[in-house]
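Colleague: Submitted below is the structure of interest, expressed as structure tokens.
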There are 6 protein chains.
Amino acid sequence: MRPSGRAPDQLRNIIMEPGYAKNAEGSCFIKCGDTHVLCTASIEERVPPFLRNTGKGWVTAEYGMLPRSTGSRMGREAARGKQQGRTVEIQRLIGRSLRALVNFEGFGERQITVDCDVIQADGGTRTASITGAYVALYQAFEKLVEQGKILEIPMKGQVAAVSCGIYKGAPVLDLDYPEDSNAQADANFVLTSEGQIIEIQGTAEEDPFSEAEFGSLFTLAKKGVKELCALQRQALGI
Amino acid sequence: MRPSGRAPDQLRNIIMEPGYAKNAEGSCFIKCGDTHVLCTASIEERVPPFLRNTGKGWVTAEYGMLPRSTGSRMGREAARGKQQGRTVEIQRLIGRSLRALVNFEGFGERQITVDCDVIQADGGTRTASITGAYVALYQAFEKLVEQGKILEIPMKGQVAAVSCGIYKGAPVLDLDYPEDSNAQADANFVLTSEGQIIEIQGTAEEDPFSEAEFGSLFTLAKKGVKELCALQRQALGI
Amino acid sequence: MRPSGRAPDQLRNIIMEPGYAKNAEGSCFIKCGDTHVLCTASIEERVPPFLRNTGKGWVTAEYGMLPRSTGSRMGREAARGKQQGRTVEIQRLIGRSLRALVNFEGFGERQITVDCDVIQADGGTRTASITGAYVALYQAFEKLVEQGKILEIPMKGQVAAVSCGIYKGAPVLDLDYPEDSNAQADANFVLTSEGQIIEIQGTAEEDPFSEAEFGSLFTLAKKGVKELCALQRQALGI
Amino acid sequence: MRPSGRAPDQLRNIIMEPGYAKNAEGSCFIKCGDTHVLCTASIEERVPPFLRNTGKGWVTAEYGMLPRSTGSRMGREAARGKQQGRTVEIQRLIGRSLRALVNFEGFGERQITVDCDVIQADGGTRTASITGAYVALYQAFEKLVEQGKILEIPMKGQVAAVSCGIYKGAPVLDLDYPEDSNAQADANFVLTSEGQIIEIQGTAEEDPFSEAEFGSLFTLAKKGVKELCALQRQALGI
Amino acid sequence: MRPSGRAPDQLRNIIMEPGYAKNAEGSCFIKCGDTHVLCTASIEERVPPFLRNTGKGWVTAEYGMLPRSTGSRMGREAARGKQQGRTVEIQRLIGRSLRALVNFEGFGERQITVDCDVIQADGGTRTASITGAYVALYQAFEKLVEQGKILEIPMKGQVAAVSCGIYKGAPVLDLDYPEDSNAQADANFVLTSEGQIIEIQGTAEEDPFSEAEFGSLFTLAKKGVKELCALQRQALGI
Amino acid sequence: MRPSGRAPDQLRNIIMEPGYAKNAEGSCFIKCGDTHVLCTASIEERVPPFLRNTGKGWVTAEYGMLPRSTGSRMGREAARGKQQGRTVEIQRLIGRSLRALVNFEGFGERQITVDCDVIQADGGTRTASITGAYVALYQAFEKLVEQGKILEIPMKGQVAAVSCGIYKGAPVLDLDYPEDSNAQADANFVLTSEGQIIEIQGTAEEDPFSEAEFGSLFTLAKKGVKELCALQRQALGI
């Protein structure tokens, strides 16, 4: 039995509010149960030095947590003058996940920065960030289309992410914090709407686990991502 | 005429949602028009070194803005490894404003950190932070009372803050961003519900201004703070 | 009775030595009783990026304290790799106070940096810094005039600053350290020679204070700034 | 055809020199073709604060690259005052990989830090680091046994790591730099000698890839890790 | 001919003002021509961790330059968040020079920090710092004697420092900035009043120089240090 | 008797392996007994801003120690976000020592960075670094000659370095760690192959020492540097 009473292959209640942030070109406030992440996409008319005069654009991501998004207060990274290793790792993952589907020739020499800020945390913040970031980024591209700056959305596919884990011996979908902190193994799956792999990260928390167990997590993830992708399309009205 | 069509002595539409943050001991999501700030109060069972073994508690504050809370994206302070001067100045102001009314002998050797994070900015984020921070802090003290750890709320009064300024030659209450960025002078007033001064900061933006003009801003501020204090009490149900 | 035996409306003994620093374009070693601050103005033939090709100049300020300017040694900010919040706040105040009176069109694309370094501290270092900084800046402008680079001093007025406070229940002018550390309220007034407001910062140290008390501090400040401005003119020979 | 002429399932030439570092309690200079990493294990008689008085030990890892280990010189992280995101990510991975097999009750309140410093880089530095780190850590435990401080090696198994990727459409084992920089997908596998999963990280470099392709990489990895584990045992004489 | 018209073996005009800093336990404002350094000695009743419970004290030094002590303004180290290599090198030298003559058993578990802050620079700031630091440190020890905390000055000798160099082919004593910036070689000599060596640093600025040339610099230095030591004793009244 | 059994004027066993680092333009792995330093020279086709458009090149050096190169593990400088004072001092010394012999007009607007990384430390790492750095730099220049970019090696002479010290009352050459940590005085000599001085740094570790003692160290150093220079030429085949 899961603490939340969910079925093993059941996602948490997912709510996506696109356009939440009035000032950003694209945004999505995504709620996966009690995990709440505000994703904003900001377009800038410049690219990093290595892309100047190439005609190509760039997409990057940053991640942060409000100090009291968590059960006990974390020190504010800005005050400590340093992002934690975990933060850096997550924002690199979000960035790679988005870039895997973007056509960089398709939106000129512009940089889009997707900020994923965790307002409340209950497990799965990195996967919620990726799922919400896709919506925010899509909206930003829509804005460029509306403004006549580009002709079509420069993305080759759709991406969402979910975590799975082995909890009390059984594979379960979309870990919340009580599960995450007691899982024997967990894995984050970043997949396309067609089930192709963009990124997989699997980690044994206690003992090493088997290829078969990994396979069962993969199966759950494909189901979860498919559902998340449908919710993204619904939120975007596409 | 104000850009928003408000009367010179009219506050923006104010919404306070106490208890917004599930994990924090106290919280308030305050919306002053399009300026939205999430204030959380976190209790820790320890005090800074200079207070150890004194029987006294401490209250401090931190302030931050989400990178895309503003019209154009600001660099993330955590990524730059440094808080801006403006950030430091504001969080010191919030802390002083709260401490002016707290009875440090009244809640044991505990530290309460109030985090004010700007989710969306449209002028007046520091005064909104103070007004919301009072509610979050009050809630945290209520929690200690509920838990039987203290007998009464250790606060000597009630505090709220508002900005006033001279816009197109006329004194106006509660500047929004279009006003703030064009004001000839502006001042932030941190006052008690009885109109006593906790902190005043007045600055000439263009030319120096007169004592009489300053007086007219003060008059507006007293009206505004009185209304804000009523809204705080209503939000807290006290 | 004040610890120094001064009358309530009496400044400390003020000495200004313009031209103290041989290498700087302008300088003033200002002594307000035992508070000694060396202010230097440095002209550079470049402006910050946001002013390039605008024909305008810029004025900025930095503030520091020698580690043993104070009663007990403070850690050196350069060694700790970080300026304290108080430092940042003060140097921002000095910069704003000077900029309020400068005509930025009047001295070409040049930046003048005014450094205020506290050699010895006995209260009121920020107001002494502003008062001395005006003299240093004026001297730097004189140098540009002498060199034929500009035709006249590009300043719209004269500025000085002083702190006032409520000490043992009575309003007093120009707090020294023994007063400052025991004041019930204090306020820093940055005023023009004509008594107009450039910046006001008032803070309750113990209990909130009244508008009337604030008014009495203002009255003292106007008297003090008037005297300081006369001393500045005498030092500059204008 | 691979640039090196190796068969698709062929490791590079692997050399492990245990005991290379005279001063360290354990060490291994591992060469995987032209990728050379010096791994040292340092025992300290203290643990991080969260483990004090628990009777448990800790194992952690740090990673670095000499500035000119690579084709073009990288800035020295110590000089820039900051570890790169990639560095942090890798050292966290190495630490987790080792900890997965360590019995923390088995060596007292000691911390062992495994430093993995890349002397020369030609792809696969993180997997070479893990493989070498196991040997260094094992040696350090042997030292504690020799000194009579513990009775047996407190490890539950053996770990090695290897990267696999899809290069020119074909799955290949143990990517070198020319392959790594042109792979369509690559994955790092951290496995036990029995083929159980400790950590898997798979990333699409160009287009998303399929579950079947991922499976073929896994098969190669199991073969490679088995061979690496045999070489580790041979190096350690166990 | 030297730019200053001095004889080759002639020091600049030297002025030492002991007790310049009201707040410090010991101090000396030393002027070597236009090089002005304020040295303060601060006693703290604690020692660094490695000396706790050893009964021994410690002496350390820090060095800084005011941003406009020099011909063109230098960035403020506190603002850049980092001390320059040159700064670190100099403060380490000052510390070693003082420690060479201190009897650490002779003043209890106290740390004395000598701060050397350059108010105005015209060459030779590090040697002026050492010469002034000795006086400040001596005063601090005198204070401990006066307070009855120690019985005698815990120093084994007297130290001063001077730079010499080869300028236009001739060896000269006590380089000022115009000489220093054009010297072919220069050396800093930290010597006791009896001419023994505490530290020597010699550097070729253009071409390597000979042992004979080095010897002639040494001869000048001994003469200069002897005179400086006499001035120190005169300043201290010993 | 020296701990190593060496004669007072005997160097440690010296091994230089030029070309050790496959990726660098020049390199030398130098072993002085148990002190092992990898020196690499990296050519970049750019110069620091102050040399742009002057036609001149630049040579600089950086120094680092692997965390467990020493008897007990040192914190990693990259992780602490800061280079130690000692590190900065040493890399400045290496850079000056190389630059003293380089003809900056002779290799175009290029910067050569020599990295000296200590793999294992047993005293004398800075002098070993200088001796090895010369070989690495020479190789890098040879590469430019081979490539036809310059016609001849732009160096005016040959440089090596060695430490000497007074150990148990007697002057000895080339201190190893047991000697270095017990020397009464030590000095580092950076000399040309002809015995001219590039840099000398002498320090009293216990009591001040005499000019005569310094002279005896100098004599040893000249012998040692002469031998090191012969080994450099042999390694380079010149």
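Colleague: Consider A:Pro48 against the criteria (1) open to solvent by less than 30 Å² (accessible area, probe 1.4 Å); (2) under 24 Å from B:Asp34 (Cβ atoms): it satisfies all of them except one. Which criterion is unmet?
Modeller: (2)
Colleague: Considering only residues of the range D:175-188 that are surrounded by 21 or more Cβ atoms within 10 Å (Cβ to Cβ) and in contact (Cβ under 8 Å) with a residue 40 or more places away in the chain, which is nearest to the chain's Cα centre (by Cα)?
Modeller: Step by step, filter the range D:175-188, then rank; the result is D:Asn188.
Colleague: Against the conditions (1) touching a strand residue (DSSP E or B) at 6+ places or on another chain (Cβ under 7 Å); (2) touching a residue at least 24 places away in the same chain (Cβ under 8 Å), where does B:Ser193 fall short? Just the number, please.
Modeller: Single failed check for B:Ser193: (1).
Colleague: What pairs come out if I take residues in the range D:118-143 that are within 12 Å of D:Gln232 (Cα to Cα) and pair them with residues that are modelled with pLDDT under 95 and open to solvent by 10 Å² or more (accessible area, probe 1.4 Å) whose C-beta lies under 9 Å away, six or more apart or interchain?
Modeller: Within 9 Å, the pairs are D:Tyr138/D:Ile238.
Colleague: Something else: Regarding the range B:165-174, can at least one residue be identified that is surrounded by fewer than 21 Cβ atoms within 10 Å (Cβ to Cβ) and within 14 Å of chain C (Cβ to nearest Cβ)?
Modeller: Scanning the range B:165-174 turns up no residue that is surrounded by fewer than 21 Cβ atoms within 10 Å (Cβ to Cβ) and within 14 Å of chain C (Cβ to nearest Cβ).
Colleague: Exactly one condition in (1) over 25 Å from B:Gly195 (Cβ atoms); (2) within 10 Å of chain B (Cβ to nearest Cβ); (3) open to solvent by less than 10 Å² (accessible area, probe 1.4 Å) is false for C:Ile197; which is it?
Modeller: Answer for C:Ile197: the failing condition is (1).
Colleague: May I ask you to list the residues in the range B:146-158 that are buried (at least 18 other Cβ atoms within 10 Å of the Cβ) and touching a Ser or Thr at 6+ places or on another chain (Cβ under 6 Å)?
Modeller: B:Gln158
Colleague: While we're looking at this one, here's another question. C:Thr203: among the hydroxyl-bearing types (Ser, Thr, Tyr), within 28 Å of B:Ile90 (Cβ to Cβ) and within 13 Å of another protein chain (Cβ to nearest Cβ), yes or no?
Modeller: yes
Colleague: Could you please find all residues in the range F:85-103 being within 15 Å of F:Phe141 (Cβ to Cβ), open to solvent by less than 40 Å² (accessible area, probe 1.4 Å) and not in a strand (DSSP E or B)?
Modeller: Answer for the range F:85-103, where residues must be within 15 Å of F:Phe141 (Cβ to Cβ), open to solvent by less than 40 Å² (accessible area, probe 1.4 Å) and not in a strand (DSSP E or B): F:Leu98, F:Leu101.
Colleague: Moving to a separate point now. Which ones in the range F:90-104 are within 9 Å of chain E (Cβ to nearest Cβ) and touching a Gly at 6+ places or on another chain (Cβ under 7 Å)?
Modeller: Result: F:Arg92, F:Leu101.
Colleague: Do you know which residues across the range B:137-162 are among the acidic types (Asp, Glu) and either under 26 Å from B:Glu227 (Cα atoms) or in contact with a Lys or Arg (Cβ under 9 Å, 6 or more places away or on another chain) (or both)?
Modeller: Across the range B:137-162, the qualifying residues are B:Glu142, B:Glu152.
Colleague: Of all the residues that make up the range C:37-58, how many are within 14 Å of another protein chain (Cβ to nearest Cβ) and hydroxyl-bearing (Ser, Thr, Tyr)?
Modeller: 2
Colleague: Looking at (1) within 15 Å of the chain's Cα centre (by Cα); (2) within 13 Å of chain E (Cβ to nearest Cβ); (3) over 23 Å from E:Ser210 (Cα atoms); (4) not aromatic (Phe, Trp, Tyr), which one does F:Ala136 not meet, given that it meets all the others?
Modeller: Checking F:Ala136 against (1) within 15 Å of the chain's Cα centre (by Cα); (2) within 13 Å of chain E (Cβ to nearest Cβ); (3) over 23 Å from E:Ser210 (Cα atoms); (4) not aromatic (Phe, Trp, Tyr), the one that fails is (2).
Colleague: Just one of the numbered conditions (1) under 16 Å from the mean Cα position of the chain (by Cα); (2) free of Cβ contacts under 8 Å to residues at least 40 places away in the same chain is not true of D:Ala204; which one?
Modeller: (1)
Colleague: Just to be sure I understand, how many residues within the range A:2-36 are in contact (Cβ under 8 Å) with a residue 24 or more places away in the chain and aliphatic (A, V, I, L, M)?
Modeller: Qualifying residue count, the range A:2-36: 5.
For every residue, the table says whether it meets (1) modelled with pLDDT of 95 or more; (2) farther than 18 Å from B:Met74 by Cβ; (3) out of contact with any helix residue (DSSP H, G or I) (no Cβ under 8 Å at 6 or more places or on another chain); (4) assigned to a helix (DSSP H, G or I).
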site	(1), (2), (3), (4)
B:Val114	yes, yes, no, no
B:Val118	yes, no, no, no
B:Asp122	yes, no, no, no
B:Arg126	yes, no, no, yes
B:Ser129	yes, no, no, yes
B:Val135	yes, yes, no, yes
B:Tyr138	yes, yes, no, yes
B:Val145	yes, yes, yes, yes
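Colleague: Can you tell me which of C:Asp34, C:Asp122 is farther than 22 Å from E:Arg80 by Cα, open to solvent by 30 Å² or more (accessible area, probe 1.4 Å), within 12 Å of chain E (Cβ to nearest Cβ) and out of contact with any Cys (no Cβ under 7 Å at 6 or more places or on another chain)?
Modeller: C:Asp34 is the lone residue from the list that is farther than 22 Å from E:Arg80 by Cα, open to solvent by 30 Å² or more (accessible area, probe 1.4 Å), within 12 Å of chain E (Cβ to nearest Cβ) and out of contact with any Cys (no Cβ under 7 Å at 6 or more places or on another chain).
Colleague: Return yes when A:Glu211 is within 10 Å of chain D (Cβ to nearest Cβ), open to solvent by 10 Å² or more (accessible area, probe 1.4 Å) and closer than 14 Å to D:Ile200 by Cβ and no when it is not.
Modeller: Against the criterion (within 10 Å of chain D (Cβ to nearest Cβ), open to solvent by 10 Å² or more (accessible area, probe 1.4 Å) and closer than 14 Å to D:Ile200 by Cβ), A:Glu211 qualifies.
Colleague: Of all residues in the range A:214-235, which are over 19 Å from A:Ile166 (Cβ atoms) and open to solvent by 20 Å² or more (accessible area, probe 1.4 Å)?
Modeller: Residues satisfying the conditions are A:Lys226, A:Glu227, A:Ala230, A:Leu231, A:Arg233, A:Gln234, A:Ala235.
Colleague: Let me ask something else about it. Checking C:Ser69 against (1) among the polar types (S, T, N, Q); (2) open to solvent by 10 Å² or more (accessible area, probe 1.4 Å); (3) within 13 Å of chain E (Cβ to nearest Cβ): exactly one of these is not met. Which one?
Modeller: Status for C:Ser69: all satisfied but (2).
Colleague: Let me ask another. So in the range E:47-73, with the set limited to residues that are among the charged types (D, E, K, R) and out of contact with any strand residue (DSSP E or B) (no Cβ under 6 Å at 6 or more places or on another chain), which one is modelled with the lowest pLDDT?
Modeller: Residue satisfying both the conditions and the ranking: E:Arg52.
Colleague: For the range A:13-25, which positions are more than 10 Å from every other protein chain (Cβ to nearest Cβ) and more than 26 Å from A:Gly71 (Cα to Cα)?
Modeller: Across the range A:13-25, the qualifying residues are A:Pro18, A:Gly19.
Colleague: Facing chain A (nearest Cβ under 10 Å), part of a helix (DSSP H, G or I), more than 21 Å from B:Gln234 (Cα to Cα) and of a type in the set (Asp, Glu) - does that describe any residue in the range B:74-81?
Modeller: Among the residues of the range B:74-81, at least one is facing chain A (nearest Cβ under 10 Å), part of a helix (DSSP H, G or I), more than 21 Å from B:Gln234 (Cα to Cα) and of a type in the set (Asp, Glu), which makes the answer yes.
Colleague: Could you tell me which of the residues C:Tyr167, C:Tyr177 is touching a Leu at 6+ places or on another chain (Cβ under 8 Å), aromatic (Phe, Trp, Tyr) and under 22 Å from C:Glu227 (Cβ atoms)?
Modeller: On inspection, the qualifying residue turns out to be C:Tyr167.
The values are calculated or read from the model by the stated rules, or taken from the named source; none is laboratory data. Note that the structure is predicted; figures quoted are calculated from it, not measured. Please note: Cβ atoms are built from the backbone with ideal geometry, for glycine as well, and neighbour counts cover all protein chains shown. These accessible areas exclude ligands, DNA and RNA; they are computed on the full protein's heavy atoms, side chains included. Shrake-Rupley method; radii C 1.70, N 1.55, O 1.52, S 1.80 Å.
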